[in-house]
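The values are calculated or read from the model by the stated rules, or taken from the named source; none is laboratory data. In this text the structure is predicted, and so the values were computed from the model without any measurement. Every residue, glycine among them, receives a Cβ derived from its backbone with ideal geometry; neighbour counts consider all protein chains shown. The protein model used for the area step is the full one, side chains on, heavy atoms only, and it has no ligands, DNA or RNA in it. Shrake-Rupley method; radii C 1.70, N 1.55, O 1.52, S 1.80 Å.
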Amino acid sequence: MGPRSGGRRPRLVLLVALLATLLAGLPALPAGAAAPARPSSGRVVPVDWRDFDEGLPAGADAARLRAILVNANRYALTTWYDDHFADQGDEGLLDLGGTTEHHVRPVAAEAFALAAALATGAYDARGTGVAEPRARATAVRLLTSVAGHHRATEAGGWGDEWQSALWAAMAGFAGWLLWDDLTPAEREWVRAMTAYEADRFRDYDVPYWKDRDGVEQTPGDSKAEENSWNAMLLQVATAMMPGHRDAPAWRRTNLELMISAFARPSDLGSRRVLHGRPVSRWVGGWNAEEDGLVVNHGIVHPDYMATAVQNTHAVLTSALAGEPAPRAALHNFDVVYAALADRQFTSPPYAAPGGTMYVRGSDEIYFPQGTSWGPSRRMDFVAMDVAARELGLDGRASAGGAYWERLHAGRALAMQERHPDGRTYAPEDADPYRGREEWVAMHAGWAYLTRWLVHQDAVRITNRAYPGGS
């Protein structure tokens with residue numbers, strides 16, 4: 001069934017979609033065969049799941065992380081789905097209710113979290129109370145509803161806006177993880193959505209909080225989060241479609257976005273070579289202070305420092321593609337993580353009681369100038385802890401990622417265990433974001449997939465220069 005819209009789609013659009021679907025199904029070239037002069041613009045290379053045969057990671061920490069993901073899946077498949085879509089029957093694309101963030105992003109996030117659990121074998125039918133075939137069908141319906149309502153497929157659909165690359169990254173990644181479960185038409189929706197959003201960044205002018213002279217270009221608003229989520233979409237696109245004619249341009253912008261996201265003043269003079277050229281030639285300003293602090297909403301903001309985990313999304317997509325991840329994905333993560341763990345704040349002028357943002361021996365987070373989202377968030381820090389631990393990025397911190405993960409993930413799981421349906425937040429928890437439960441699911445999926453891929457011995461890092469990408 002095609003996407004719902006106000007009227008029938010033009011016949012030409014249908015013919016183009018059908019042709020692209022047929023081309024996407026063409027076999028790959030044999031080993032050693034010459035590539036065509038102009039690479040295919042549409043073929044998606046599926047994940048080769050035969051390369052991932054090490055099962056689930058063992059141990060208490062892995063079990064805790066899996067439990068968080070399973071709880072998020074249970075809430076998504078029961079309370080959340082029933083509240084949003086129970087009245088829409090069992091067939092056809094879901095009506096998302098609109099084309100803005102709060103209509104699209106939550107659905108994409110839940111689709112990704114379910115796909116991550118299903119693809120890795122972490123899905124637990126007993127823990128969710130939902131049989132795997134039904135969970136798989138729900139995940140497919142969610143992700144194809146997002147892709148099918150994108151403007152690449154549906155006139156007047158969502159897309160091509162400030163945050164839409166993030167939504168497409170999650171839905172596109174979910175579609176790639178569940179590629180074998182999609183029909184040819186559904187695969188084309190996922191491909192078209194991902195390529196459309198990626199093409200927005202072919203000649204992108206990467207933004208910075210402060211320019212080379214230290215002048216604020218976006219007062220009080222670092223571009224760290226925005227640059228790193230835009231990079232996420234390009235990582236999905238290049239992993240899925242490595243032979244796309246625009247893949248070199250996508251890779252080039254992806255590298256600059258990742259390096260710029262947490263660039264510091266010293267990077268402007270850095271001779272360190274990343275992917276064929278000095279860091280100083282990659283950046284045009286900075287988005288983090290020299291000690292790793294990130295300012296957003298006009299304050300030093302731990303939650304926005306934790307968006308450094310979005311850059312490590314490249315490790316996930318690259319590993320699943322059987323390729324090494326670009327070292328740019330790790331740029332300055334260790335500095336930001338050490339700042340979370342060890343940067344001291346004195347009160348006054350900072351909020352009482354002062355100290356470090358990560359609080360030793362506690363699952364609390366200290367917010368030196370307050371927070372936009374309340375003090376209850378933990379899953380962004382859990383995802384940071386897991387990435388720091390698994391990717392060896394915690395060497396600058398006085399306590400490693402394993403120490404902090406146990407505290408923060410313990411708090412996240414305890415919050416879920418208060419509720420029979422697996423939800424995280426209670427009325428007394430302060431977080432005004434409307435998609436907060438879906439936000440939890442998204443981070444749980446990232447964190448678990450990171451641990452699972454390291455367990456599969458699938459993670460490699462490269463500092464090579466990419467053709468046309470330096």
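Overview of values
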| quantity | calculated |
| --- | --- |
| Long-range neighbours under 7 Å by Cβ, at least six apart or interchain, first residue within 14 Å of V300 (Cα to Cα) within the range 341-358, second among the charged types (D, E, K, R) and crowded, with 17+ Cβ neighbours inside 10 Å | T356/D342; T356/R343; M357/R343 |
| Test result for R406, at pLDDT 95 or above and open to solvent by 30 Å² or more (accessible area, probe 1.4 Å) | yes |
| Lone unmet requirement of (1) surrounded by fewer than 22 Cβ atoms within 10 Å (Cβ to Cβ); (2) part of a loop (DSSP other than H, G, I, E, B) for A122 | (1) |
| Condition check for P375: open to solvent by 10 Å² or more (accessible area, probe 1.4 Å) and touching a residue at least 24 places away in the same chain (Cβ under 8 Å) | yes |
| Pairs with Cβ under 7 Å, 6+ apart, first in the range 130-143 and crowded, with 21+ Cβ neighbours inside 10 Å, second among the β-branched types (V, I, T) | A135/T128; L142/V107 |
| Qualifying position, being under 13 Å from A261 (Cα atoms) and assigned to a helix (DSSP H, G or I), among A329, A341 | A329 |
| Complete set of residues in the range 180-195 that are open to solvent by less than 50 Å² (accessible area, probe 1.4 Å) and either within 30 Å of V294 (Cβ to Cβ) or assigned to a loop (DSSP other than H, G, I, E, B) (or both) | L182, M193, T194 |
| Every residue from the range 334-365 that is in contact with a helix residue (DSSP H, G or I) (Cβ under 8 Å, 6 or more places away or on another chain) and crowded, with 20+ Cβ neighbours inside 10 Å | V336, Y337, A339, L340, A341, M357, Y358, I365 |
| Flag if A116 is surrounded by 23 or more Cβ atoms within 10 Å (Cβ to Cβ), in a loop (DSSP other than H, G, I, E, B), in contact (Cβ under 8 Å) with a residue 60 or more places away in the chain and not basic (K, R) | no |
| Scope the range 243-266; condition small (G, A, S) and not in a helix (DSSP H, G or I); matching residues | G243, A263 |
| Condition met for L177 (surrounded by 23 or more Cβ atoms within 10 Å (Cβ to Cβ) and within 20 Å of R252 (Cα to Cα)) | no |
| Members of the range 194-213 that are more than 25 Å from W286 (Cβ to Cβ) and of a type in the set (F, W, Y) | Y196 |
| Pick from the range 196-242, criterion part of a helix (DSSP H, G or I) and open to solvent by 10 Å² or more (accessible area, probe 1.4 Å), ranking: farthest from A165 (Cα to Cα) | A239 |
| Any hit, the range 160-168, residues being in a loop (DSSP other than H, G, I, E, B), under 17 Å from L234 (Cα atoms) and touching a residue at least 60 places away in the same chain (Cβ under 8 Å) | yes |
| Single residue of D199, D203 found to be within 30 Å of G148 (Cβ to Cβ) and either among the small types (G, A, S) or modelled with pLDDT under 95 (or both) | D203 |
| Matching residues in the range 409-459 - criterion: being open to solvent by 30 Å² or more (accessible area, probe 1.4 Å), of a type in the set (A, V, I, L, M) and assigned to a helix (DSSP H, G or I) | A414, V454 |
| Within the range 387-403, considering residues that are in a loop (DSSP other than H, G, I, E, B) and under 10 Å from Y337 (Cα atoms), the one most open to solvent (accessible area, probe 1.4 Å) | R396 |
